[in-house]
Structure formats: structure tokens, C-alpha cells
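*Asks:* Structure incoming, see below.
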Amino acid sequence: MKKTECIRNLGIVAHIDHGKTTLADSLLAGTGLLSSNLVGSARVLDYLKEEQIRGITMKSANVSLLYQTDAQSFIINLVDTPGHVDFTGKVRRALRSVDSVIVVVDAVEEIMAQTEIVIRQALMENVHPVLFINKVDRLITELKLDEAQIQKKFERIIKNFNDLLSIYGISEIVNNWKISPQKGNVVFGSALHRWGFNLTIARTNCMKFSTIIDAYKNKKQETIAEKFPLHNAIFNMIITQTPNPKDAQKYRVQKIWQGDISSTIGQAMIKCDRDGPIVMCITKVHTNRDSELMVTGRLFSGTVKKGSKIFLTNAQIKEEIKEVFIYMSSFKERVTQISAGNLVALSGFRKAIPGETIVDLEYMQNMIPFEKIKYFSEPVTKLSIEPKNPQEIDQFLDAINKLIIEDPNLVFSIDAETGEYLLAGMGELHLEVAIKLLDDYLNGIHLVVSPPKAVYGESATKYGSIAKAKSPNKQNQFTIQVEILDTTTTDVNQEGSNIDFREKIIAEDNHENVFIDATEQSDELPEILKFIISGFNFACKSGPLCGEPLKRLKIKLLGFKLSENTELSGPEEIMHGVGKAIFGSFLTGKPRLFEPTYKIDVYTPAGLEGDCIKILRKRRCKITAFEQTGFFSILHGIIPVSETFGLSMKLRSMSSGRTFWYSTINNWIKIPKEIEKKIIKNLRKQKGLPIDLPAANQFLEENNCN
């Protein structure tokens, strides 16, 4: 582990059900950690009970493998990641810790929506992708394709893969990363049947694809696995085509860290120096049996050992490492020390969250945190939850806190109007799994849980007027203008906006709202600024239409006048005064209620397309494309998240369980006017708000919107 040239930090990513975990089983079997007879059924890295029951990966899991060639030994730090869209955030955090990924693609289904997302996520972290085209056996046994047709399938998958690299990657890097069979960075095979090869292996063994077709026709596919074991092909690709930590950190550090590369810390990370200061990025946190936090992450510099004194840059606290571990799936192996370039687990922490930066205590004053991990999606579903017995609320809140620490894509809040405890997540499955984990933490405490429902957002459709509002005691005045946060694309995740680089951003929130200081006063009153920002957060958390969050707004602070008597310009007065001005301007900007949507791909047997379309259209789904592939028809569409609850049951009932669908977060859209009023009315009623919508002048002292 001290030889960085012999280390590979590798993730496995894919669309759901394309074979990531089966591939991981094959690699474990190839290093002697699993019987080859259990590949595909053991699901070693899916060690959670819920994962085993559902047959899907819900968290990232690490295992360190020792792979030996005739010449030398290699450490493969392998990270298996979720494929379901609800757990995309866990994929993004895992990618921070690896230098390369194997993208697994089902040869029949080809590149899917989630495949595109994980490739894009990898490129945003400067992580090098290579390709494994899996389930090639299905082309032979199910689709009955001949050699020429299979070749065309492969060519299309490779072309689409390279197109995604061109679209989302940095040209000077990804031009060298583009894949081709001739380079050896593409493996073809079947993880379930444990065989695989690349072009080099095929040529060396004078193998033709017709040999594989004949083997399947004669039901002798096990002979292929004996001659072309999958793990050899994959490990050969990993060793020859993916970077070691020292090479990778030369270009990765500059992407994920905004500090001075020429500094001692910068140079130590660029060189992956095990003798340099400790620098680590935390990618995963969980609570151990002693209620201590266990953190997992990538060590970019230095050597960690028991007793090492470190500093958490975001939390601003000092810690001492209690124990050092290597993860082996659900098990931990205690070690004396681990050096730069490896993945590591550390215990003994009081406070930590995923994305936190750890630095050697001696360098605490010089460390810039790693770039914040950006997520491709945000919570779009929520439910209310509370203990049945009110006396158990403290245990409930403690368990919620553990849950949020371990999974920062969950959002917990208390509704100011109703007093409800709300838990928001990426989707219905995400929340369902979260509730199961919460039950485990609470150990017998009964919870009352509402059905999930969609999250909504309030936004303007034109620039609001300049609004002046006074604080509740009438002694302080604030001038605000709300503008639309224009983006260069309709994709909620694309970067680009109408914010001028010269504008002073003083705050942002999780709903894509940006607060701009357009005054020349705040620098003189820095202690007041935090109260003004509290007003921004207060207003954005619950909008005036129906108490849903404000979304995608550019809010400009144009000026403020404070009372000369400091006792009359306290935090509460400032916060509510700023909030009133924001609401006043917002309500002049033709506000509308927005809802999140999914891109949806529905697979249904041929002949059932009509029934399927009827169900989708009743749920406000817009069908955008239709295609035939093998035994299935695929319907592509856009559907509101609020219309997907119970959709799986409806489609399965219609088709005797043969229709299924995948989704990815698409965008936020205006709710159609014919149903918007009803939804707003219902939301206001649920929250105990007056039925009539407020007018802008209710928040202003006089009609002064200009």
C-alpha cells in the first residue's frame, strides 16, 4: 500500500440492474475472496438486509483486493455504488474517493439515462471512465442476433459513450480517455456467466465471436468462462488503462481543490506524498456501536495512524484518530497505518459530515477545504413522521440526527405552520429505506408516518419591482428586488446563470436562490450582515403563496436604513424586515407554483403500449418518444413527481407484472393553471394559512413598489 504505482482506486457505476454488483462478486472471486459458484447470488458488497431483500445496491461499499500478476502485486481499492436514481448522491460522494470507474452497460438496453448521469458525475470529478459491456449472452440467447448485428450493437454503445465524454468532459483530458477496442479499455462479457475479453485477449487467443455464439447454442458457455475468465480481463484493463493515485492526483487535485497548488499542502497532494501533511476528504460517515462517528474517505497526502492529531476544516474542531481501518465490505480490518493514495476508515470522531476536509493539525491555518460536492438532484418527495408516543420525541430526534449525518441527501425540517416533522428525500424508495433505517435506530419505538407526497416550489416568472419594507417595529427599512435566476439551459443541473461575476454573492441556499449585496453599506456593518442573511434564509424557506420554498431566484439587497438606537435593530427585527421586502417584491413578479418532474422510460411488452399510454396520460405524462427493442416497447416521457406515487402498482397490475419503469430527475415546471389554484388552496388549508392569497402591499408600509 506504500507503492502508489501499484494502487488503483476504482468505482463501479451503472444504470440500475446493469450488473455492477455481480461484476463486483466476479472480481472478489478472482482474488480468492469468494467461491466462483456464488457469483451473482452472494452480492457480497450488498450486505445491508434491505439490499439483499430488494436485490439492489443502496449505499457505496468498499473492499480492498490484492491482485497478483506474474510480475508484481496490485492493490485494487474497489467501491461498488448504487444504480437507482434515488441514491445518486451516494454515487457522487463515492466518486470523490476514486480515480477511475468501470461503467457497466447492459448490451441489450445500452446506455440509459442513469448511465449518462454517472458518466457525467465522474467527469465532473476528473475520474477516468472505462467500459464493460455486460450481458452479451442476452444478445445471443434472447435477441438471437448474429455476429454482424452484435458488432453493430457494440459500435453504437461505444460511439454513444465517447459522445458523452465529448459533451461533459474537459477536452484536453478526455480526448485521451475515449474508448476503443483497439486501446484495450473496453471489455465485452457476461458477469453472471463469469467470462469476458478485450480485443487484445481475443487476438492473442485467435478467438472469433462466432465461437461464443456456438458455445451458447450448444449450452457449453462454462467453457468460455474457463478459457476467458472475466476477472482477468477486467483486472488487466484496470492495471493497464487506469491511473495510479500519483498520476491521477496531478490533474484531479486542481479540479476538486481551490487552494494554492504551489503551497506545501498543494505540492504534497500533487505528489501523493506519504511523508507530507495529512490531507483527507471524508466521503462517508456512520455511527458505530459506541455512538462514535466512523469516517471513510480518500487520503490525498500524508500517513494516518492511531493517535494522529488532525483538524476538521469545516467543523473547525480538533480530533485525535482513535483507530485506523481498511473496509472489507461489511467488515473492518484494523491496521497500524495507511499512507497517501489509499482509501481509509478512521474512528473516534465527535462531529463529521460527508464532504468534510481533514488536515494535519500543524497545517490547520493553511488549509483550504475541498470543493463542495455538488449533487445532480435534490429532494423531490417528503413525508411527515413522528413517534406515536410524544414522550419519545428526544430519542426520535437523536435518531433523525444520525440519519442526516450519514445521508446528507435527506432533509429534515419542522413546518412552522403545522408543527409537522418533515423528512424529504430524492424519491419514494429513498424515503422508504430511510424509514427502515430509522426503525432500526429507534429499536421498537413506534413511528407514525404519512404517505409520501411531492415537494413544490414557489418562483417568479418575471422580475419583481423594487420593494421597500420596514421591520415590525417600523424603525428599520430594507430595499429589495427579486429577479428570476436565468439559466442557460432548461436542465436543472446545468451550470450557467445571469449572475455577473462582479456581483457580490453573500448567501446561497439549497433551492438555488442567490442573495446579492448591491449596497456599499454592508462592509461597514459586518455584524449586521449575518442578520440580513438570516432574513434571506427565513423568506426562502417558506414562500407567501402556500408556504413552499422559494426557488431559483436572484434576490438583490439594494439598501437598508437602521435605527440609530441599536436596541431597536435587533436580529428578529432585521430578519423579519428583510423577509417582508423579499415577499413584497416576489409577489409583484407574477409568482407561480412549480413542481419537479421525472424523465421516465417505461418498458412494456409489445401489444400493451395502448393501455400503458392511457395510464400515463391520466397522470399528466407527456410522451416524448417511442421505440421497439427486442420483446419490449419503450415509452419515453416527462411526468410530474406527484403523479408517480402508486404508478408501479398500476402498471404491473395492467401487465401482470411485466411492465416496469426507470426515471431520472428532469426539471421543475410551472403547474398548469387549471389545477394550480386547487393545489395552492389545499396546501394553504393543510398548513392553517388564510385561504386568500396575500397581496404585495400587505408586506410593505405603503404602495412603494417601483
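The values are calculated or read from the model by the stated rules, or taken from the named source; none is laboratory data. Nothing here was measured: the structure is a model prediction, and the numbers come from that model. Ideal geometry is used to build each Cβ from the backbone, glycine not excepted, and the neighbour counts take in all protein chains shown.
Residue-wise test of (1) of a type in the set (Gly, Ala, Ser); (2) in contact with a Gly (Cβ under 9 Å, 6 or more places away or on another chain).
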residue: Asp439; (1), (2): no, no
residue: Gly457; (1), (2): yes, yes
residue: Ser465; (1), (2): yes, yes
residue: Lys468; (1), (2): no, yes
residue: Ser471; (1), (2): yes, yes
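*Asks:* Another question about this same structure. Restricting to the range 378-390, and then to whatever is at pLDDT 90 or above and of a type in the set (D, E, K, R), can you tell me which residue is surrounded by the fewest Cβ atoms within 10 Å (Cβ to Cβ)?
*Replies:* Lys388
*Asks:* So, Ser648, is that one polar (S, T, N, Q) and either assigned to a strand (DSSP E or B) or within 30 Å of Lys474 (Cα to Cα) (or both) or not?
*Replies:* no
*Asks:* Residue under question is Glu362, and the condition is that it be closer than 18 Å to Ile445 by Cβ and modelled with pLDDT of 85 or more; does it hold?
*Replies:* So Glu362 does not fit the description; no.
*Asks:* Among the strands (runs of 3 or more DSSP E) confined wholly to the range 320-405, which include 3 or more residues that are touching a helix residue (DSSP H, G or I) at 6+ places or on another chain (Cβ under 9 Å)?
*Replies:* In the range 320-405, 381-387 are the strands (runs of 3 or more DSSP E) which contain 3 or more residues that are touching a helix residue (DSSP H, G or I) at 6+ places or on another chain (Cβ under 9 Å).
*Asks:* Do we have any residue at all in the range 250-268 that's farther than 23 Å from Ser26 by Cβ, assigned to a loop (DSSP other than H, G, I, E, B) and in contact with a Gly (Cβ under 9 Å, 6 or more places away or on another chain)?
*Replies:* yes
*Asks:* Residues to consider are Glu508, Glu548, Glu564, Glu527; find the one that is buried (at least 16 other Cβ atoms within 10 Å of the Cβ) and either more than 18 Å from Ser585 (Cβ to Cβ) or within 27 Å of the chain's Cα centre (by Cα) (or both).
*Replies:* Of Glu508, Glu548, Glu564, Glu527, the one residue that is buried (at least 16 other Cβ atoms within 10 Å of the Cβ) and either more than 18 Å from Ser585 (Cβ to Cβ) or within 27 Å of the chain's Cα centre (by Cα) (or both) is Glu548.
*Asks:* Could I ask something else about it? If you take the residues in the range 558-580 that are closer than 28 Å to Ala424 by Cβ and of a type outside the set (D, E, K, R), which one is modelled with the lowest pLDDT?
*Replies:* Checking each candidate, the answer is Pro571.
*Asks:* Tell me, which residue of the range 452-485 that is part of a loop (DSSP other than H, G, I, E, B) and within 24 Å of the chain's Cα centre (by Cα) is modelled with the highest pLDDT?
*Replies:* Tyr456
*Asks:* Could you list, in sequence order, the residues of the range 205-230 that are more than 39 Å from the chain's Cα centre (by Cα) and not in a helix (DSSP H, G or I)?
*Replies:* Within the range 205-230, Asn205, Cys206, Met207, Lys208, Asn218, Lys219, Lys220 qualify.
*Asks:* Select from the range 1-26 the residues that are among the polar types (S, T, N, Q) and at pLDDT below 90 and write down the one among them that is surrounded by the fewest Cβ atoms within 10 Å (Cβ to Cβ).
*Replies:* Checked the range 1-26; the qualifying residue surrounded by the fewest Cβ atoms within 10 Å (Cβ to Cβ) is Thr22.
*Asks:* Keeping to the range 104-163, report how many residues are under 30 Å from Gln254 (Cβ atoms), surrounded by 19 or more Cβ atoms within 10 Å (Cβ to Cβ) and polar (S, T, N, Q).
*Replies:* 4
*Asks:* Another one. Quick check on the range 564-583. Is at least one of its residues assigned by TED's automatic domain parsing to the domain that holds Met654 and free of Cβ contacts under 8 Å to residues at least 12 places away in the same chain?
*Replies:* no
*Asks:* Then there is this: Just to verify a result, which residue in the range 578-626, among those that are among the acidic types (Asp, Glu) and more than 30 Å from the chain's Cα centre (by Cα), is surrounded by the fewest Cβ atoms within 10 Å (Cβ to Cβ)?
*Replies:* Looking at residues that are among the acidic types (Asp, Glu) and more than 30 Å from the chain's Cα centre (by Cα), I get Asp611.
*Asks:* Another question, then. If I ask for residues that are in a loop (DSSP other than H, G, I, E, B), within 15 Å of Leu131 (Cβ to Cβ) and either modelled with pLDDT under 90 or not basic (Lys, Arg) (or both), which ones from the range 177-204 would you list?
*Replies:* Listed by number, the residues that qualify are Trp177, Ile179, Ser180, Pro181, Gln182, Gly184, Asn185, Ala191, Asn198.
*Asks:* If Leu429 passes every condition in (1) modelled with pLDDT of 90 or more; (2) outside any strand (DSSP E or B) but one, which one does it miss?
*Replies:* So Leu429 meets the others, but not (1).
*Asks:* Output the number of the condition that Phe349 fails; it satisfies all remaining conditions of (1) surrounded by fewer than 15 Cβ atoms within 10 Å (Cβ to Cβ); (2) more than 26 Å from Ser100 (Cα to Cα); (3) not aliphatic (A, V, I, L, M).
*Replies:* Tallying (1) surrounded by fewer than 15 Cβ atoms within 10 Å (Cβ to Cβ); (2) more than 26 Å from Ser100 (Cα to Cα); (3) not aliphatic (A, V, I, L, M), Phe349 fails exactly one: (1).
*Asks:* Name the residues in the range 93-149 that are part of a helix (DSSP H, G or I) and out of contact with any Leu (no Cβ under 9 Å at 6 or more places or on another chain), would you?
*Replies:* Of everything in the range 93-149, those that are part of a helix (DSSP H, G or I) and out of contact with any Leu (no Cβ under 9 Å at 6 or more places or on another chain) turn out to be Arg93, Ala94, Leu95, Ala113, Gln114, Ile117, Val136, Arg138, Ile140, Thr141, Glu147, Ala148.
*Asks:* Has the range 534-543 got any residue that is modelled with pLDDT of 90 or more, touching a helix residue (DSSP H, G or I) at 6+ places or on another chain (Cβ under 8 Å), in the same structural domain as Val482 (by TED's automatic domain parsing) and outside any helix (DSSP H, G or I)?
*Replies:* yes
*Asks:* In the range 87-146, how many residues are among the polar types (S, T, N, Q) and at pLDDT 90 or above?
*Replies:* Matching residues across the range 87-146 total 5.
*Asks:* Within the range 391-442, take every residue that is closer than 22 Å to Ala352 by Cα and of a type in the set (Asp, Glu) and give me the one that is surrounded by the fewest Cβ atoms within 10 Å (Cβ to Cβ).
*Replies:* Checking each candidate, the answer is Asp394.
*Asks:* Further question on the same structure: Sort through Asn682, Asn666 and tell me the only one that's modelled with pLDDT under 85, out of contact with any helix residue (DSSP H, G or I) (no Cβ under 7 Å at 6 or more places or on another chain) and either within 30 Å of His576 (Cα to Cα) or not hydroxyl-bearing (Ser, Thr, Tyr) (or both).
*Replies:* Asn666
*Asks:* Residues Ile167, Ile133, Ile173: which one is under 29 Å from the mean Cα position of the chain (by Cα) and either over 24 Å from Thr629 (Cβ atoms) or not assigned by TED's automatic domain parsing to the domain that holds Leu78 (or both)?
*Replies:* After ruling out the rest, the residue left standing is Ile173.
*Asks:* Further question: Counting only residues that are in a strand (DSSP E or B) and in contact with a strand residue (DSSP E or B) (Cβ under 7 Å, 6 or more places away or on another chain), which one in the range 306-319 is farthest from Val63 (Cα to Cα)?
*Replies:* Applying the filter and picking the extreme gives Lys318.
*Asks:* What are the pairs with Cβ atoms under 6 angstrom where one residue, in the range 136-155, is assigned by TED's automatic domain parsing to the domain that holds His193 and the other, located anywhere, is part of a loop (DSSP other than H, G, I, E, B)? Sequence gap at least six, or different chains.
*Replies:* Within 6 Å, the pairs are Val136/Ala107; Asp137/His193; Arg138/Val108; Leu139/Ala107; Leu139/Leu145; Leu143/Gly630.
*Asks:* Here's something else I'd like to know. So which residues in the range 330-349 are farther than 10 Å from Ser64 by Cβ and either of a type in the set (S, T, N, Q) or assigned by TED's automatic domain parsing to the domain that holds Phe74 (or both)?
*Replies:* Ser330, Thr336, Gln337, Ser339, Ser347
Every residue, every condition in (1) surrounded by 17 or more Cβ atoms within 10 Å (Cβ to Cβ); (2) farther than 30 Å from Ala113 by Cα; (3) at pLDDT 85 or above, yes or no:
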| site | (1), (2), (3) |
| --- | --- |
| Gln316 | no, yes, yes |
| Ile326 | yes, yes, yes |
| Arg334 | no, yes, yes |
| Thr357 | yes, yes, yes |
| Asn366 | no, yes, no |
| Phe376 | yes, no, no |
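*Asks:* With the checklist (1) assigned to a loop (DSSP other than H, G, I, E, B); (2) under 28 Å from the mean Cα position of the chain (by Cα); (3) not hydrophobic (A, V, I, L, M, F, W, C) in hand, flag the one item Asp273 doesn't pass.
*Replies:* (2)
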